[in-house]
Amino acid sequence: HNGQRAQRVQCSPVDGMGTEAARKQVEAELLKMKMPEGYTLSWAGEKEASDLSMKYLFKNFPLAIILMIAILIMLFKDYKKPAIIFCCIPLVVIGVIPVVLLTGKQFGFVAIVGVLGLIGMMIKNGIVLMDEISLEVSQGIEPRTALIQSSKSRLLPVMMASLTTILGMIPLVTDALFGSLAVTIMGGLFVGSLITLIFIPILYSLFFKVK
């Protein structure tokens, strides 16, 4: 490897154990070993790929956020409505944290990718609901009534779309690598969809002073 003699040791975790959990167990044992002079150990495989991907992921994340904000402002021609949608995004952790703890999955790189996917889904749900609210208000419906009617009318489409995604993730739950991504999306999307339908109307009433 890079002109040096090297030995590569690899394995697959037993059923029911995630790759990162297995790696940490092996690492704990390796740390007890005293390496002979001139020998070194390094992690390759998924650990190396995850660390490299994480570096590039967060390097470009601020740019992605700026682009999303710009697109939402251009879509609604308003800064308050995008702000309302973005205020709901941190609330996905209400669904993510309990499901990760209950399933015992590791919150690693793959789970973080799942959370980033959740952000996109939350924004999509927020746009659908906000667009319905704006449409009803523009038709002359009293704002308070428009908020209630919009949430009711969007409840079934939003929850059905979320349900199809959640059901599609079930086969990945037991996977050693993608299991954490699956449970993260399932828990976050279920709770996040409900949060969208409840908190966006509340925040809308606060931002636009609807009694």
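The values are calculated or read from the model by the stated rules, or taken from the named source; none is laboratory data. This structure is a prediction, so every number in the text was calculated from the model and none was measured. Cβ sites come from the backbone with ideal geometry, for glycine too, and all protein chains shown count toward neighbours. Just so you know, the surface numbers come from the protein's heavy atoms only, side chains and all, with ligands and any DNA or RNA stripped out. Shrake-Rupley method; radii C 1.70, N 1.55, O 1.52, S 1.80 Å.
Counting only residues that are in contact (Cβ under 8 Å) with a residue 12 or more places away in the chain and either among the aromatic types (Phe, Trp, Tyr) or open to solvent by less than 60 Å² (accessible area, probe 1.4 Å) (or both), the stretch 162-182 holds 12 of them.
Restricting attention to the stretch 93-138, the residues that are of a type outside the set (D, E, K, R) and more than 25 Å from residue 210 (Cβ to Cβ) add up to 27.
Report whether or not residue 50 is more than 30 Å from residue 123 (Cα to Cα) and touching a helix residue (DSSP H, G or I) at 6+ places or on another chain (Cβ under 9 Å).
no
Any chance the stretch 47-55 includes a residue that's among the charged types (D, E, K, R) and part of a loop (DSSP other than H, G, I, E, B)? No; the residues of the stretch 47-55 include none that is among the charged types (D, E, K, R) and part of a loop (DSSP other than H, G, I, E, B).
When the residues of the stretch 2-46 are filtered to those that are part of a loop (DSSP other than H, G, I, E, B) and among the basic types (Lys, Arg), the one that is least open to solvent (accessible area, probe 1.4 Å) is 32.
Cβ-Cβ below 9 Å, separation at least six or inter-chain, first residue in the stretch 186-206 and more than 17 Å from residue 136 (Cβ to Cβ) and in contact (Cβ under 8 Å) with a residue 60 or more places away in the chain, second among the polar types (S, T, N, Q) and open to solvent by 30 Å² or more (accessible area, probe 1.4 Å): which pairs? From residues that are more than 17 Å from residue 136 (Cβ to Cβ) and in contact (Cβ under 8 Å) with a residue 60 or more places away in the chain, the pairs are 186/165; 187/103; 189/165.
Residue-wise test of (1) more than 30 Å from residue 13 (Cβ to Cβ); (2) charged (D, E, K, R); (3) open to solvent by 40 Å² or more (accessible area, probe 1.4 Å).
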position: 102; (1), (2), (3): no, no, yes
position: 108; (1), (2), (3): no, no, no
position: 116; (1), (2), (3): no, no, yes
position: 124; (1), (2), (3): yes, yes, yes
position: 138; (1), (2), (3): yes, no, yes
position: 148; (1), (2), (3): yes, no, yes
position: 153; (1), (2), (3): yes, no, yes
position: 184; (1), (2), (3): no, no, no
